[in-house]
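Since the structure comes first, as C-alpha cells, the remarks are kept for the end.
The values are calculated or read from the model by the stated rules, or taken from the named source; none is laboratory data. Bear in mind that the values here come from a model prediction, so they are computed numbers and not experimental data. No Cβ is skipped: glycine too gets one built from the backbone with ideal geometry, and neighbour counts run over all protein chains shown. For accessibility, only protein heavy atoms count, side chains too; no ligands or nucleic acids. Shrake-Rupley method; radii C 1.70, N 1.55, O 1.52, S 1.80 Å.
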Amino acid sequence: MHAPTIRSPQALAPVRRGFVRRNLPYFLIAPSVIMLLALIAYPLLFALKSSFYFWNLQVGPQPLAFVGFDNYVEALNAFDFRAALTNTLILSILGTAIEFSLGLAIALVLLKALAGMNVVRALLILPTTIAPIVVGFLFRYLYDPGGGLVTWVLQSLLLPVPAEGILGSPSTALAAILFVDIWQWTPFFAIVLYASLLAVPDEIIEAARLDRASAWTILMRIKLPLIRRTAIIIVMLRFMQIFNTFDTVLVLTRGGPGTSTRTLGYSLYEQGLVNFNVGLVSAQTWIAVLIVNIIVVLYVFFAFRNEEW
Amino acid sequence: MIFDIGNMSRRNMLKSASVATLLASSASSLLTPKRASAQGATTVRVLSVEDPFFFSMKAMIPEFERETGIKVELESLSYDALQTRLVSAFVAKTSDADVIAVDQMWLGQYLDNGWIISLNDYIAKDKDIDLADFIPEVLYSSNMWRGQIGTLPVAAYAQGVMYRKDIFASFGIAEPPTKASEDWTWTKYVETLKALEGKSFNGKALFPTVVCGSQPSPITHMFTQLSASHGASWFKSFPGAPWDFSPQLTGPAWAKSVEVYRQLYKLSPPEAINYVWFDAGTRFAKGDIGMFYWWTPYFYLVKNLGYMTGKKSDVMDKYATAALPKAKGVAQTVSLGGWSLGVPSSSDRQDNGYAFIKWATSKATQKKMAQWPDLNFQFSDFARKSLYEDADVKAIYPYLDVQYDMMKQGNGKITRPPVPGYTAVESVLGLTLNQLLTGSEDPKTALVRTNNLFESILKGNLMIPYQKESYTDTLDGAKDLIGKLGKA
C-alpha cells in the first residue's frame, strides 16, 4: 500500500510558473481586449437594443415601449435622412477619389529634388493639424458673399457666384463643403503616399528607365503596385472619416439650404443631441454602421482578393 | 527595473496585491474626495449659457461672494453643448451644478422628468423675493409648468423693430410707431420696406431688411413671431385644456405668414438664407439695412460691430426701436423667450442654489448688470416691471418703454409651445421654411406636407393622442399662482 502522493509547494511552483509563462501573452493583451469590448462592442450593442425601443428623453427619461423595427422604418422613410445618406455617399466617394488623386500628384512632385521642397513638405501638413470646426469657421469667412477670398477669386475669374453666396445656393453648397474637405485632407494623402514612394527601391526605377519605360509606365507598373497596400488602407480610412463628416456642416450650413448639405453625421447629431430621440438615433446609427461596413468589406474583399493581409 | 511575475511566490503576490489595493484606495480617496468636502458648504456651482447676460452677471459675482460668503464656480457653454451636458448628467442621475441656465423650451421636460426642483416652496417662504414685481407674461411664458415655478428669469426677451432714423429721414419715410396700433400692420411694414427697395444711402446700396434663414432654430424663432402675429397656432388645443397636439399648420394664418416671410427674404441680402442668430444683427450694425425685427437683446447688441466685440458699430447713434407690427383684425401676440435659472434635483446644495438665483434675478443685481459699462452697456433684458420705470436704467437704454410694451403683449406658450418633443417638430418646420425661402414650392403644399410630418412625429412621440394629464395653462392662472405664492 502506498501512501497518497502529496506534492510539496516546492513541487507545485514550476507548474504555476509554467502556466503563467505559457499564458503571459494572453494576460498582457487582455486589458486591451477588455477596453476594446467596453468602448466599441458595448456601445454598439447598447445602441442596437435601444433602436428597438421608443425612447425620447424629451418625453421621458426611460425607454417607454418596445417598437420592433419602427425606428428603422421611420429613419428610412424620412426624406431628410435619405437626403443625408445620398449627400454622405457623394461626399465620401468623390472626396476620397479626388483627395487620393491630388495627394498622389503632390507626392510625386515632392519626390523631385526641387528647391524649397523641405518648406513645402512642412507647410503641407498644416491643414490636417487644424480642428475641422476651426476650418469650418475659416471657410465661413472665405466663402462670405460680401468679400470672402474664395468668392472674390471666383468673381475675378468671371465665374458665376450665386446671389445667395456659395453656401446659400443648393447648387453649390455641397461642392463647397467637399472643397473644404479636399483642402484639409489632400495633404494627408500626399504625405503618406510620399513616404511610401520613398520606400520604392531606386534600383527598380533605374532599371525601368534603362529599359526606356516612360514616366507613366513607371508610375502605373512599378510605383503604384509597390505602394498599393498603403494606398488601399488610407483610402479606406479616409472614406470612413468622410462618411462621418459633421463639424464643417454644422458651422458652414447646418445642413441647408433645405437638405442640400445634410450628412449622416449631422442627422445623428440633430436626432441625438438636439431632439434627444435615443431610439431613432440608435436606429440611424446602425443603418450608418451597416452601410459603411458593407462598403468597406466589399472594398477590402476586392482590393485584397489576390493577396494575404 | 524588471518585475519577474513568473518567479513571484503566492505569499509575495498576495502581499503585493494587498499593498497595491491599500495604496490605490488611499490615492483614490485623496484624488477624488467626496463632492461636499471638495466644494465646501459655502460653494455654489453655476452652469450657464454664454448669452449676453452671462458677461454682466459674471462681472457682478464678486459682490455675491462678498454679500453671502458663498464662493461661485461659474462655467459657461454654448446652447447645444449646455443642453447636451445637462441631459446627459440628468439621465445618468448626476449633476455637476447647483444652478443651471434653462431655456423656456426645456422647462416642461426638466420638470416632468424631475430633473429640476419646483421653486414654489422656496418662493412661498421668502419674504424678500418680491414675486409681484416680475412681469406676469414672462413668468407664465418662461418659468411655469403645471402650476410649478421651476425657474426664475435672469434674462427675458421679447421681439421688436429696429430701424435707421437717418435713412428714414433721408427718404422722407414715416417712422414706425413706438406703440402698437391698428394702423401698424405687417402689410404696412412690408410697404415701408418696399419704399427702400433699390435705394442707396451714403454711396452704399441698401437692403430694406434682413431675416434669419438658417434652419432649424433661428428661422423658426423669427418666423413664429410673424405667424403668432397672424394668429397661427401650432396645435388644436394648447396651452388651454384639454391638451390636443393635433397640428394645425394648414390654416390660412400659416400660409399668409409664409407669404410675408418670403417677401421679407426677397427684400433681404440673399445670403441671409444662411444667417444664424447674430448674423442678422451684425448685418444691421454694418449700416446697409433699413429696418428689421428680432429679439430685444439686439436693441443693444447692434451698438457693437460684431458680436461681443465692444467696438462701436456704424449705427450706434443712428437707429431707433419701434413696436412690432400686427395683422389686421388679429390681437397681437409677441414672442417671449430668454434664460432662467433653476436648481437641479441632484444638487446637494439646493439652498445655495436658490440663494444665487434670488440674487441674480433680484432688482438690485439686474440694475447693476444693466449699469455695467463694458461692451458699450449690454444688458436690458429685465423681467422685473420696476426696472422699466427706473430713471437710471432708462437713461442708458432709451428704448425700454417700447420693450416693456412688447413684454406685456407676450405669450411664449403660443409662439413656440414648450411641449415635450418640441425640438423634433421645430427641426421639420425650420427645414421647410428654409426650403421655402429659396425654392419655388407652393407654401400651402409645403405646409400640408409639414403638417403630416408633425402628426407623424407627435404620434411617434406618444403626444397624439396625449397620454398624460392636461393642465389648464393660462395667464390668469399664472397670475393667481403669483398672487398666492407672493402672499404666502
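Here are a few things to note about the model shown:
- Amide H within-cut-off set for B:Ala155, under 5 Å, with H built and near neighbours excluded: B:Trp339
- The string of couplings for the stretch B:169-175 from the Karplus curve (6.51, -1.76, 1.60, θ = phi - 60°) is 5, 4, 9, x, 8, 5, 6 Hz, one whole number per residue in order, with x for Gly and Pro.
- Within the same chain, aspartates and glutamates fewer than 8 places from B:Lys204 are excluded, and of the rest, those with a Cα less than 15 Å from its Cα are B:Asp166, B:Asp288, B:Asp314.
- Expected 222 nm ellipticity per residue - DSSP helices of 4 or more, -39500 (n - 2.57), all of chain B, to 500: -13500 deg cm²/dmol
- Computed over chain A, the per-residue total of -39500 (n - 2.57) for DSSP H runs of n ≥ 4 gives a 222 nm mean residue ellipticity of -20500 deg cm²/dmol, rounded to 500.
- Those chymotrypsin sites (Phe, Trp or Tyr not before Pro) in the stretch A:43-95 that DSSP places in a loop and that have at most 12 other beta carbons within 10 Å: A:Phe69
- The 3J(HN,Hα) values that the Karplus relation (6.51, -1.76, 1.60; θ = phi - 60°) gives for the stretch A:212-224 are, in residue order, 6, 6, 6, 4, 4, 5, 4, 5, 6, 9, 10, 5, 4 Hz. Gly and Pro appear as x.
- Under the Debye formula (equal points on every Cα, no solvent term), log10 I(q)/I(0) of the protein assembly as shown at q = 0.07, 0.08, 0.09 Å⁻¹: -0.64, -0.81, -0.98
- Here's how it looks for B:Glu73: its modeled amide H is under 5 Å from those of B:Val44, B:Arg45, B:Val46, which are all 5 or more places away or on a different chain.
- For the stretch B:66-88, a reduction of at least 30 Å² in accessible area between the chain on its own and the assembled protein chains (probe 1.4 Å) is found at B:Asp80, B:Gln83, B:Thr84, B:Val87.
- Amide H contacts under 5 Å for B:Asn304, placed H, 5+ residues apart: B:Ser313
- The accessible surface of the stretch B:186-228, taken with every protein chain in place and a 1.4 Å probe, is 50 percent carbon and sulfur.
- Distance between the C-alpha centres of the stretch A:74-146 and the stretch B:297-352: 38 Å, rounded to the whole angstrom.
- Cα-projected label distance for A:Leu108 with B:Ser456, points at 7 Å along beta-carbon direction, nm: 4.9
- Candidate aspartates and glutamates - alpha carbon under 20 Å from A:Lys112, same-chain residues fewer than 8 apart omitted: A:Asp202, A:Glu203, A:Glu206
- Taking the chain by itself as reference, the stretch A:223-260 contains these residues with an accessible-area loss of 40 Å² or more in the full protein complex (1.4 Å probe, heavy atoms): A:Arg254, A:Gly258.
- For chain A, the longest piece that avoids every one of the GluC sites (Glu not before Pro) found in DSSP loops with at most 10 other C-beta atoms within 10 Å covers A:1-306.
- Surface analysis of chain A yields an accessible area of 56 Å² per residue, using protein heavy atoms and a 1.4 Å probe.
- Taking each residue as 0.36 nm, the span from A:Leu198 to A:Arg228 lengthens on full extension beyond its C-alpha to C-alpha distance by 9.4 nm.
- Long pairs among B:Lys125/B:Lys484; B:Lys127/B:Lys358; B:Lys125/B:Lys358; B:Lys394/B:Lys484; B:Lys93/B:Lys125; B:Lys93/B:Lys358, criterion Cα-Cα beyond 20 Å: B:Lys394/B:Lys484; B:Lys93/B:Lys125; B:Lys93/B:Lys358
- Too-long pairs where the Cα-Cα distance tops 20 Å, listed order kept, from B:Lys303/B:Lys363; B:Lys256/B:Lys328; B:Lys266/B:Lys312: B:Lys303/B:Lys363; B:Lys266/B:Lys312
- Added length on full extension, which subtracts the Cα-Cα distance from 0.36 nm per residue, A:Thr217 to A:Lys49: 55.2 nm
- Heavy-atom surface of chain B, accessible at 1.4 Å and reported per residue (Å²): 39
- Whole-percent carbon and sulfur share, accessible surface of the stretch A:31-123, 1.4 Å: 78
- Reach of B:Lys479 by Cα under 19 Å, taken over aspartates and glutamates that are not fewer than 8 positions away in the same chain: B:Asp121, B:Asp126, B:Asp128, B:Asp130, B:Asp133, B:Glu137, B:Asp405
- B/A buried area, accessible surface, summed, 1.4 Å probe, Å²: 3100
- The ratio of the alpha-carbon radius of gyration of the stretch B:166-256 to the globular-protein estimate 2.2 N^0.38 Å is 1.43.
- Here A:Trp183 sits with roughly 90 square angstrom of accessible surface, probe radius 1.4 Å.
- Neighbour cut-off at most 16 other Cβ (10 Å), DSSP loop, trypsin sites (Lys or Arg not before Pro), the stretch B:197-289: B:Lys199
- Centre separation in Å (Cα based) which lies between the stretch A:242-309 and the stretch B:153-202: 45
- Residue-by-residue Karplus 3J(HN,Hα) for the stretch A:31-42, coefficients 6.51, -1.76, 1.60, Hz, glycine and proline x: x, 5, 5, 4, 5, 4, 4, 5, 8, 10, 5, 4
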